[in-house]
Amino acid sequence: MALAGLSRRERQIMEILYQRGKASASEVREAMEDAPSYSAVRAVLRVLEEKGHVKHQAEELKYVYVPTVNRDKAKRSAVKHLLDTFFSDSPKQIVAALLDVSSQRLTREDLDQMAEMIEKAKREGK
């Protein structure tokens, strides 16, 4: 279930739910920058539920929303969408773009860890 097809607000709400694990509409609204009205947040949560991205459960006197897809699976889906859409299904191109935009923020330790991941992938024949 790709998050790539979601609106900015829908992605913003999903990020809050992934960070918290679960949240009520009012808790989501409190966590949002430039938050819309409470009813607008509820409407977006309802749309996300209709799309199958969240489900609700009753806790005390309120609904609490939880993601239906774990964060790691959602990340893999988002990366696959980026790879297919913008990088012609070329991992080399996406890594080059990442290094280009992140080079100032990458530490020596980050680069060493990435090199280890590449070496592991070579050993495992991926």
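The values are calculated or read from the model by the stated rules, or taken from the named source; none is laboratory data. Worth saying up front: this structure is predicted, and the values here are computed from it rather than measured. Here Cβ is always computed from backbone atoms with ideal geometry, including for glycine, and neighbour counts include all displayed protein chains.
Cβ separations smaller than 6 Å between residues 6+ apart or across chains give the following pairs from the stretch 35-49 residues that are within 17 Å of V64 (Cβ to Cβ) and without any contact (Cβ under 8 Å) to a residue 40 or more places away in the chain to residues that are part of a helix (DSSP H, G or I) and aliphatic (A, V, I, L, M): V41/A25; V41/V28; R42/A25; V44/I13; L45/A25. Here the condition is being of a type in the set (D, E, K, R), over 23 Å from R29 (Cα atoms) and either surrounded by 11 or more Cβ atoms within 10 Å (Cβ to Cβ) or at pLDDT 85 or above (or both); of K80, K126, it holds for K80 alone.
Just one of the numbered conditions (1) modelled with pLDDT under 95; (2) surrounded by 13 or more Cβ atoms within 10 Å (Cβ to Cβ) is not true of L17: (1). Among the residues of the stretch 13-34, the one identified as among the hydroxyl-bearing types (S, T, Y), part of a helix (DSSP H, G or I) and under 21 Å from V69 (Cα atoms) is Y18. Among the candidates D100, D89, the residue that is more than 27 Å from E27 (Cα to Cα) and either out of contact with any helix residue (DSSP H, G or I) (no Cβ under 9 Å at 6 or more places or on another chain) or of a type in the set (S, T, N, Q) (or both) is uniquely D100.
Kindly indicate whether S37 is at pLDDT 90 or above and among the hydroxyl-bearing types (S, T, Y). Criteria met by S37.
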